[in-house]
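Working notes, beginning with the structure itself.
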Amino acid sequence: MTRHVFIIGLDDLHLAEARSIRGAEDIVFHGLIPYHDIVHPPAYAIEALLATARAEMAEAPSVDAIIGHWDFPTTSLLPILRRQRGLPGPTLESVLLCENKYWSRLAHAASVPECTPPFALVDPAAPDAAERLPLAPPFWLKPTVAFSSYLGFRIETAEQYRDAIAQIRDNIGLFAEPFAQVAAHAQHPDALPREGSGDACIAEGIIGGELCTLEGYVLDGDVQVYGVLDSLRGSNNVSFLSYQLPSHLPGEVQARMADAAARVLRHIGLDDTPFNIEFFWDRESDRVWLLEINPRISKSHCTLFRLVMGASHHEVAVDVAFKRRPDFPRRDGPFPMAGKFMPRTYGDAVVLRVPGPDDIAAVTGDFPEMVLHMHISEGMRLSDLPAQDSYSFEIADLFIGAADEASLHGKFHTIMDRLDFRFSEVVPTNYGRARADTG
């Protein structure tokens, strides 16, 4: 029997990954809401996005599942659309408790206090907001709703705090307004905290250590973790360099993280969904810290699971959407290890050269598993890239496999040298030299 699965913001890369799952020959995958309307648009018009989705599904032979792998608003649209179609999935309220960083921290403090750093609510619109430090520095200041470290600042001085508040005031509406529109669809608004909606910020104490992500799912209340990946940061200790599967962390540490994940997810009431949860392990103190919860599979990990396990973890998302227990993971992939690398510059410049089809084909000939997704084009200025962190510009995503970590990183540097990105001036990077010449 053919089933029809809709994926919000589906692009060619993730369509290929979805088709790697077992049973894909019996599934027709449909895009739901155009990619450019859901990923980095100038603004998120929630009601228009919902109307588009309903119109697209109305023409399908059937709608057997709706899944997604993008951040907000995809994660929040999913429960609304599933509810309207009578499909299983988490409640909107439980998703919003993950989506909103302040609301999520309240849940962390109630269920896993030993994994929760100090935090405080900040109203950036308050007349005296810039004059009162909410925590003793250093601390992080972030909007309650955002992704990819958008408007996230490490605060070490009162002057940095004032500057951050000014920038947040001018730009927080990008996510605050659509979050309010989504929250209006909640059937049980009393289940949500009264303070700290999308137009607020959270100040959090600094946590650190070795960062990893647990990929798992909840099905009928049963929490399962099927993969742990490491997240490596660059020289500024903020911007990500790579995500790597499998994790090198000790099994006992991974087990403690899985236990904490189960406790907080049950407290929130998240059910019938995949998830990924980020944790730090402070090796010196042997302390585990919870960073954030995402009620979806990670788009960044799809290719990694295919290279190591033989299929994207879209398989988990589809199985859970069908109320079917996943048979995942499996070691059916061609590589013992895989990584997603995020080549970055740590300075602004004009892009003079990006690799063309012949360049990419030549590199792929030597590294056939390589998947390259470029974010930049010739002639653009790096500072025009949307949704970047506050300290760097991500110019591409690069997925590769290898026998071990040393080989993986060596392959990354070799490939970046051969791809030969060039800029109008020499800028620091996380992959080696950035050429500024045009010859």
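For this structure, a couple of remarks:
- Filter pass, Ala58 being modelled with pLDDT of 95 or more and over 18 Å from the mean Cα position of the chain (by Cα): yes
Each row is one residue, and each column tells you yes or no for (1) of a type outside the set (Asp, Glu); (2) part of a strand (DSSP E or B).
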| residue | (1), (2) |
| --- | --- |
| Pro334 | yes, no |
| Ala338 | yes, yes |
| Asp348 | no, no |
| Asp359 | no, no |
| Pro368 | yes, no |
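- Close contacts from the range 82-105, counting a first residue that is farther than 21 Å from Ala176 by Cβ and hydrophobic (A, V, I, L, M, F, W, C) and a second that is assigned to a helix (DSSP H, G or I) and modelled with pLDDT of 95 or more, with Cβ to Cβ under 9 Å and a gap of 6+ residues or different chains, come to Leu87/Leu81; Leu87/Ala321.
- Pairing each residue of the range 153-167 that is more than 22 Å from Ala387 (Cβ to Cβ) with any residue that is assigned to a helix (DSSP H, G or I) and of a type outside the set (Asp, Glu), provided the two are 6+ apart or on different chains, yields C-beta distances under 6 Å for Arg162/Ala130.
- In the range 148-188, the residues that are in contact with a strand residue (DSSP E or B) (Cβ under 6 Å, 6 or more places away or on another chain) and of a type in the set (Gly, Ala, Ser): Gly152, Ala164
- Some residue of the range 98-110 being of a type in the set (S, T, N, Q) and surrounded by 19 or more Cβ atoms within 10 Å (Cβ to Cβ): yes
- Subset of the range 255-274 [more than 15 Å from Cys115 (Cβ to Cβ) and crowded, with 23+ Cβ neighbours inside 10 Å]: Leu270, Thr273, Pro274
- Count - residues of the range 166-175 that are assigned to a helix (DSSP H, G or I) and surrounded by 19 or more Cβ atoms within 10 Å (Cβ to Cβ): 3
The values are calculated or read from the model by the stated rules, or taken from the named source; none is laboratory data. Please read these numbers as outputs of a predicted model, since none were measured by experiment. Positions of Cβ are backbone-derived with ideal geometry, glycine not excepted, and every protein chain shown enters the neighbour counts.
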